[in-house]
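K.L.:
I'd like to ask some things about the structure below.
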Amino acid sequence: MKKYALCLGILLIFIFSVNIAYSAPVGKITFMGGSVTVLKAKKDVATTVKTGDPVDVGDLYRTKGDSGAEITFNNNNIIKIAENTRFEISEYIVTEKKTSNIFKLPEGKVEATTGAQFIKKVSAFAQGHKFEVHTPVAVAGIRGSTGNIAHTGGITGILLSSGTGYLAPPRYMSSQMRIVIFNTVSFAARNVPPTPPQPIQNAVAQIARIAVGQGNAVVQAAVRIASAQTAAQTQTNVAAVINGALQGGVPVTTTVTAAVTAAPTQATTVTRTAVTAAPTQAANITTAAVTAAPTQAANITTAAVTAAPTQAGNVTTAAVNAAPTQA
């Protein structure tokens, strides 16, 4: 009887320990701004996120416009969740021989950065350690690096600002994986192998030609991954996206509307680049940009006129018609 009681006690302690391990937080919120909510596993109501909140497996985060959050995990890997994003923590396993940090990105953008602990493990045995973001059409992996990953309307893109990573279709991880290196971009669409890693302008042009009819999604995904550490580099990347989309056959007004919608703060760069590429379309470009970001009407008008001075009258008229309250 005593032996039975002892065994039962050990079993209960083991079960309790397992439950504690499973429910232990895997990280915490180290920054948040704007409107961010989290739906915890097995909960029906989402709650507002605060800096310092624990992060658990199963958490589903949602950010609205002008909002964002940063998660620092226990192994010092970091995820920054951008505005208008849904992001879920699917799996978090960290042992000496295995790391499996798996996340879902149904829509939006994240910036992923690996910590020193993960980098050391990957350097020793890459196959045993994963830091992956799964979208509806692709798996994006980060290896000892920092990268932007975005998914919009059926298009997934990855841009690495340091180190290496990969992009692959979920069902063809080995045969169709693309290794992405510093300052290169790869895109994927449903039932389409990822594009070869290349400069952002070339990558956008290629995926635009492949994903016919998805120009809006291509541009939005591309603009979202274009953000960089400096404003100047971000502007350079956004200009490359616009030129790549136009080269890939995306109509200029579609390009401008999608780009400004995805990144209103880049409205002047978008407008200037588009008008420079298609000066006779300056009025239509202005209409599209101002309609997408009416509070930027003055800056958009200035950018368009600067790029095509002979179109000044048409540009001004277009801006006033698109946003009369900003005249």
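K.L.:
In region 199-227, what residues are crowded, with 23+ Cβ neighbours inside 10 Å, β-branched (Val, Ile, Thr) and out of contact with any helix residue (DSSP H, G or I) (no Cβ under 7 Å at 6 or more places or on another chain)?
P.N.:
Within region 199-227, Ile225 is the sole residue that qualifies.
K.L.:
Got a number for residues in region 38-71 being within 20 Å of Glu111 (Cβ to Cβ), of a type outside the set (Asp, Glu) and not in a loop (DSSP other than H, G, I, E, B)?
P.N.:
Looking only at that region, the number is 9.
K.L.:
Let me ask you something else. Just checking, does region 261-269 include any residue being in a helix (DSSP H, G or I), touching a residue at least 60 places away in the same chain (Cβ under 8 Å) and under 30 Å from Val110 (Cα atoms)?
P.N.:
Yes, some residue in region 261-269 is in a helix (DSSP H, G or I), touching a residue at least 60 places away in the same chain (Cβ under 8 Å) and under 30 Å from Val110 (Cα atoms).
K.L.:
Taking interchain pairs and intrachain pairs at least six residues apart, which have beta carbon atoms under 7 angstrom, with the first residue in region 75-98 and without any contact (Cβ under 8 Å) to a residue 24 or more places away in the chain and the second part of a strand (DSSP E or B)?
P.N.:
Ile93/Thr99; Ile93/Ser100
K.L.:
State whether one or more residues within region 241-248 are surrounded by fewer than 18 Cβ atoms within 10 Å (Cβ to Cβ), over 17 Å from Ala288 (Cβ atoms), in contact with a helix residue (DSSP H, G or I) (Cβ under 7 Å, 6 or more places away or on another chain) and not aromatic (Phe, Trp, Tyr).
P.N.:
yes
K.L.:
Given Ala168, Ala138, Ala124, which one is over 28 Å from Ala231 (Cα atoms) and surrounded by fewer than 21 Cβ atoms within 10 Å (Cβ to Cβ)?
P.N.:
Answer to the check: Ala124.
K.L.:
What number of residues within region 80-101 are closer than 23 Å to Ala124 by Cβ and surrounded by 18 or more Cβ atoms within 10 Å (Cβ to Cβ)?
P.N.:
3
K.L.:
So, one more: I'm trying to understand the selection: among the residues of region 32-86, which are among the aromatic types (Phe, Trp, Tyr) and farther than 24 Å from Thr152 by Cα?
P.N.:
Phe73 - this is the single residue of region 32-86 that is among the aromatic types (Phe, Trp, Tyr) and farther than 24 Å from Thr152 by Cα.
K.L.:
Follow-up. Hey, can you tell me all the residues within region 214-227 that are at pLDDT 95 or above, of a type in the set (Gly, Ala, Ser) and not in a helix (DSSP H, G or I)?
P.N.:
Correct list: Ala226 only.
K.L.:
Restrict the check to region 296-303 and report whether at least one residue is surrounded by 15 or more Cβ atoms within 10 Å (Cβ to Cβ), in contact with a Pro (Cβ under 7 Å, 6 or more places away or on another chain) and more than 20 Å from Leu246 (Cα to Cα).
P.N.:
yes
K.L.:
Quick check on region 22-35. Is at least one of its residues over 18 Å from Ile149 (Cβ atoms) and of a type in the set (D, E, K, R)?
P.N.:
yes
K.L.:
Turning to a different aspect of this structure: Quick check on region 228-236. Is at least one of its residues in a helix (DSSP H, G or I) and crowded, with 20+ Cβ neighbours inside 10 Å?
P.N.:
no
Here's the yes/no breakdown for (1) of a type in the set (Ser, Thr, Tyr); (2) under 22 Å from Val218 (Cβ atoms); (3) over 13 Å from the mean Cα position of the chain (by Cα); (4) modelled with pLDDT of 95 or more:
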position: Ile102; (1), (2), (3), (4): no, no, yes, yes
position: Gly108; (1), (2), (3), (4): no, yes, no, yes
position: Gly115; (1), (2), (3), (4): no, no, yes, no
position: Ser123; (1), (2), (3), (4): yes, no, yes, no
position: Thr164; (1), (2), (3), (4): yes, no, yes, no
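K.L.:
In region 101-213, which strands (runs of 3 or more DSSP E) lie fully inside it and hold 2 or more residues that are within 23 Å of Gln235 (Cβ to Cβ) and either touching a Phe, Trp or Tyr at 6+ places or on another chain (Cβ under 7 Å) or in contact (Cβ under 8 Å) with a residue 12 or more places away in the chain (or both)?
P.N.:
139-152, 155-168, 178-181, 185-189
K.L.:
Further question: Can you tell me which condition Asn76 does not meet? The list is (1) assigned to a loop (DSSP other than H, G, I, E, B); (2) buried (at least 19 other Cβ atoms within 10 Å of the Cβ), and all the others hold.
P.N.:
(2)
K.L.:
Search region 1-46 for residues being modelled with pLDDT of 90 or more and among the β-branched types (Val, Ile, Thr), and hand back the single one that is farthest from Ala69 (Cα to Cα).
P.N.:
Taking the candidates together, the pick is Val45.
The values are calculated or read from the model by the stated rules, or taken from the named source; none is laboratory data. On a predicted model such as this, the values are computed, not experimentally measured, just so you know. Every residue, glycine among them, receives a Cβ derived from its backbone with ideal geometry; neighbour counts consider all protein chains shown.
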